[in-house]
Amino acid sequence: MNAPNLPALDAAVLPVGGIAGAGRPDGSAQRRDGAARMPISRMDLADAGSPEALVKCILRAEPNLPLPVPIQELCARLGISRIEDLNTDEFEGGLVTDAKRSAGTILVKRGGESRRRFTIAHELGHFLMAHHVPDQAGRFLCKSSDLLRLTAKAGDQRQRREVEANRFAALMLMPPHLLREAMAAFREPDLQHVLALARDFAVGKEVAARAYVQYHPERIAIVVAGNGRVQRCYRSLSFPAITCADGSPVPTGSLYHSSPHRPSTASDIAACSPDLWIDVKRDLRAPDLCEQVYLQQNGFAMILLRLEPVPEESAKERRLDEGWRHRFHSGRR
Ligand SMILES: [Zn+2]
């Protein structure tokens, strides 16, 4: 790292709240190449407006970023002078700053380390994106629904800025090059990998699940269920939409209901009827679908869905079949 004009980050410049143990709660973050110094400054980010461009700049300046990403050290380097506890149930996080963003204080609700890290990264995103304008002058306040938001209604600037802050947080805590490196060790889709990502990157399981489906080469989806109902579903690009709407019960035929799953242990992977989850066209051969279930302690569960790759022979047959059917139907018209 070559930034002789910047002092090494040390305890003297850390904000109140102690970020020396950034990373793992016990301060035992794995350091790559002993990379504790962070030469990046906000000057480096002057031209970056999108979450992707911002993260790219930060990663260019910090090629040896350790894991878990020391998000609090990054905050200190990038102009956040304090990180304080937020004592309210209404909001997950907040940011106090001025229009010029000369400095900022991040507020974060007490709670688990991985949740706090995501909130801190999200608020840092608001701080660094100059086009993010808060509802109240000088103060962003973000609810838990804001921290889950992945899409925005057209024209809704508030929703759009929350989506951008979430994209920034996910990319910053799970930098693409480190994620790809971690994913290279994984082969067959398995929820154990999601747990490993959550542990190594110190992010929540749901954040890890989103990255996992996005980066895995196979057709997979992860359904988040809460108290027996579908809450959300994350899909790889090639996985079809699931037929269960958010809020609807997990289908009775799902492995989720078969007895009994041990909490905090990923189940075996088992075949299921594809009709449970996806729309199978009547005139097409049903694809093979597998499920795996991981029950969490708090009534939540993750259900991994995997569409089996169609073997080359049968893919060819299917194409022939479809071609024949197409001609047949065309002929009748
Ligand atoms: Zn926000």
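The values are calculated or read from the model by the stated rules, or taken from the named source; none is laboratory data. Everything quoted here is computed from the prediction, not taken from an experiment. FYI the Cβ positions are ideal-geometry reconstructions off the backbone, even for glycines, and counts take in every protein chain you see.
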Close pairs (9 angstrom Cβ cut-off, 6 or more residues apart or separate chains): under 15 Å from Gly94 (Cα atoms) in region 149-171, within 11 Å of the ligand (Cβ to nearest atom) and of a type in the set (Val, Ile, Thr) anywhere: Ala169/Thr119
Filter result (surrounded by 22 or more Cβ atoms within 10 Å (Cβ to Cβ) and away from the ligand (no atom under 11 Å from the Cβ)) within region 122-137: Leu128
Residue in region 107-115 that is closer than 19 Å to Arg161 by Cα and either among the charged types (D, E, K, R) or within 13 Å of the ligand (Cβ to nearest atom) (or both) present: yes
Candidates Glu162, Glu206, Glu188 - the one that is among the charged types (D, E, K, R), within 17 Å of the chain's Cα centre (by Cα) and more than 16 Å from the ligand (Cβ to nearest atom): Glu206
Options Leu179, Leu197, Leu171: the member that is farther than 15 Å from Ala301 by Cβ and within 16 Å of the ligand (Cβ to nearest atom): Leu171
Pick from region 42-63, criterion surrounded by 13 or more Cβ atoms within 10 Å (Cβ to Cβ) and not in a helix (DSSP H, G or I), ranking: modelled with the lowest pLDDT: Ala48
Selected residue (criterion: farthest from the chain's Cα centre (by Cα)) from residues of region 287-315 that are modelled with pLDDT under 85 and aliphatic (A, V, I, L, M): Ala315
Residue match in region 131-145 (condition: without any contact (Cβ under 8 Å) to a residue 40 or more places away in the chain and within 29 Å of Asn298 (Cα to Cα)): yes
